[in-house]
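The values are calculated or read from the model by the stated rules, or taken from the named source; none is laboratory data. Since this is a predicted model, take the numbers as computed values, not measurements. Neighbour counts are summed over all protein chains in view; Cβ atoms, including those assigned to glycine, are modelled from backbone coordinates with ideal geometry. Only protein heavy atoms, including side chains, enter the accessible area calculation; ligands, DNA and RNA are left aside. Shrake-Rupley method; radii C 1.70, N 1.55, O 1.52, S 1.80 Å.
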Amino acid sequence: MKKNLLVVMGLFLLYGNSHAVSSLSHEEIQQRVTEIYVATFERAPALRGLEYWTKEVEFGTFTIENVAQSFFNQPETQAKFPTGSSNAEFITTVFNNTLSRDPAQAGLAYWVDGLESGEFRRDQAIMAIINGAKDETHSPTDAAMLAKKTEIGLLFANSKIGNLTTNENFMEWAKNIVSYATDSDFSIDDAQAYIAAALPSELEADIESYLALISSVSDMSPMIDEISTLLEEILNGDSSVVTITPPMETLDISNLPSAINVRADFGAGYTPEGSSSTYTGLVLINITDIVMTQTGLSANAAITATNVQRDSRLILNGAMTLGISLAASGEDAIIQANLNFSNLQSVDVSMNGRMQISMPFSDSSEQPIILTLTNFETSDMQASGTIIVTPVSTDIYDMALDLTTHEGDVNGTARINSTTSPQTIISTPADPITVGEYSVIFNNVIMDEEVCTDTAAGGNIVITGDSETKTITFNNCAYTVK
């Protein structure tokens, strides 16, 4: 009984959900974020960066103003406005970035005085200049220029070229297309023609999005590993960290309580006995509708995870409700769970949609975990279908994919080796994986977000289409295509 209840409560910890708190639509947030890119850098955003900041605003982690402030922590901003650059230079640059003109002398004096007196910060000045420019009662010309640069920036980010961030020409493309908007004769049609001319071959243009798709699927394995470890620490946690109400030793199988509450409070830092990892954050679980039979257990739960991290890496953040059941036969058991996500944050992945899980709980290490996805979405993937995760050995899994995705159907098996976590090595143990119209072979592709945030650190991928084959070789967080 104790073992079954602990398992149920443990699985509840695997997933969470956060509700968007922004009153702006997804498209409105994208527009506001693009305005900040234009005003700060005078360039179009990359799609991944645009989606990241948009999700953070939707999730409620940031406001639009927080995004502008966060830009000043970025190396690109520090390079553009180095220490020692004058406030007059800063304001002049922002005006030219945003409106393609110098500020009037009276306006320049106002902004410089405000910055030097501490009345406002540089990021606040950028937001004020943007908002002022959008007020057509001040200058219809300024409003039209910012709107044009923003529209072209969004067009760039949402095209195929917006995904080619590791291409050596990406920043040049992103800057040129916004700079060209200054010319009154440069139209949206001209911007589309520029993008079409800059794009590499169709296969090469698709490479980034296919890599993002497969790496997003591969994120599932380290996510399961991390959360399974978290589960163990909660189940084994001492009373200073984990509180179960009523206490487990007082539970009567014939007369279960109406609710069981679990509180795992890691505070500012908790290192389990025998571990070198430090956990922070808080998990609250409220289990209700508990039904115990001779062969199983079912229940509902409400869970809140608040910024749970291991060694400063996010494991869980959010809140949700779910239904779960456990069916036992002898020493073996199968856990079935139906989960709905809304901006769940877990191990560098934000998830939406529905997932059904069939997870064995037995002494056999060869039983697979079956994930069935319905309108499941991360920042890099939209998919429906099944993923079957079968252990090959400790920390090595084969993931059989049968999915319908935004890039077409995905079928085949990827081997995920996380023996050297946080490093993950992806390979294709047998036939190539088919992704849409292409076949894909992974040759020891190393994913390690502590080394490379946007691409692989090593290995190569061979992608073959109807008329061409490309080999993508990764080295030092960049890639070459031949």
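Before moving on, here are some points about what is shown:
- Qualifying residue in the stretch 26-47 (condition: modelled with pLDDT under 90, within 18 Å of the chain's Cα centre (by Cα) and not in a helix (DSSP H, G or I)): no
- Residue 76 vs. criteria within 15 Å of residue 154 (Cβ to Cβ), among the charged types (D, E, K, R) and modelled with pLDDT of 85 or more: no
- Considering only residues in the stretch 150-161 that are of a type outside the set (Val, Ile, Thr) and part of a helix (DSSP H, G or I), the one that is surrounded by the fewest Cβ atoms within 10 Å (Cβ to Cβ) turns out to be 151.
- Some residue of the stretch 187-209 being within 30 Å of residue 355 (Cβ to Cβ), at pLDDT below 65 and hydroxyl-bearing (Ser, Thr, Tyr): yes
- Residues satisfying the stated conditions in the stretch 273-289, i.e. within 28 Å of the chain's Cα centre (by Cα) and either surrounded by 13 or more Cβ atoms within 10 Å (Cβ to Cβ) or acidic (Asp, Glu) (or both): 275, 277, 278, 279, 280, 281, 282, 283, 284, 285, 286
- Only one of 481, 462 that is hydrophobic (A, V, I, L, M, F, W, C), at pLDDT 90 or above and more than 30 Å from residue 367 (Cβ to Cβ): 462
- Each residue in the stretch 64-97 was checked for being in contact with a Ser or Thr (Cβ under 9 Å, 6 or more places away or on another chain), farther than 25 Å from residue 24 by Cβ and of a type in the set (A, V, I, L, M, F, W, C), and 1 of them qualify.
- In the stretch 281-312, the residues that are part of a strand (DSSP E or B), polar (S, T, N, Q) and farther than 18 Å from residue 349 by Cα: 286, 288, 298, 300
- Whichever residue in the stretch 127-176 is under 27 Å from the mean Cα position of the chain (by Cα) and among the β-branched types (Val, Ile, Thr) and, among such residues, is nearest to residue 98 (Cα to Cα): 150
- Among residues of the stretch 108-149 being part of a helix (DSSP H, G or I) and farther than 24 Å from residue 89 by Cβ, the one that is most open to solvent (accessible area, probe 1.4 Å) is 140.
- When residues of the stretch 246-270 are limited to those that are open to solvent by 70 Å² or more (accessible area, probe 1.4 Å) and farther than 16 Å from residue 307 by Cβ, the one nearest to the chain's Cα centre (by Cα): 258
- Yes/no for residue 59 being out of contact with any helix residue (DSSP H, G or I) (no Cβ under 7 Å at 6 or more places or on another chain), crowded, with 16+ Cβ neighbours inside 10 Å and not acidic (Asp, Glu): yes
- Within the stretch 292-301, tally of residues that are open to solvent by 40 Å² or more (accessible area, probe 1.4 Å) and at pLDDT below 85: 4
- Within the stretch 408-463, if we keep just the residues that are polar (S, T, N, Q) and in contact (Cβ under 8 Å) with a residue 40 or more places away in the chain, the residue that is surrounded by the most Cβ atoms within 10 Å (Cβ to Cβ) turns out to be 424.
- If only residues of the stretch 93-107 that are farther than 11 Å from residue 39 by Cα and part of a helix (DSSP H, G or I) are counted, the one that is least open to solvent (accessible area, probe 1.4 Å) is 107.
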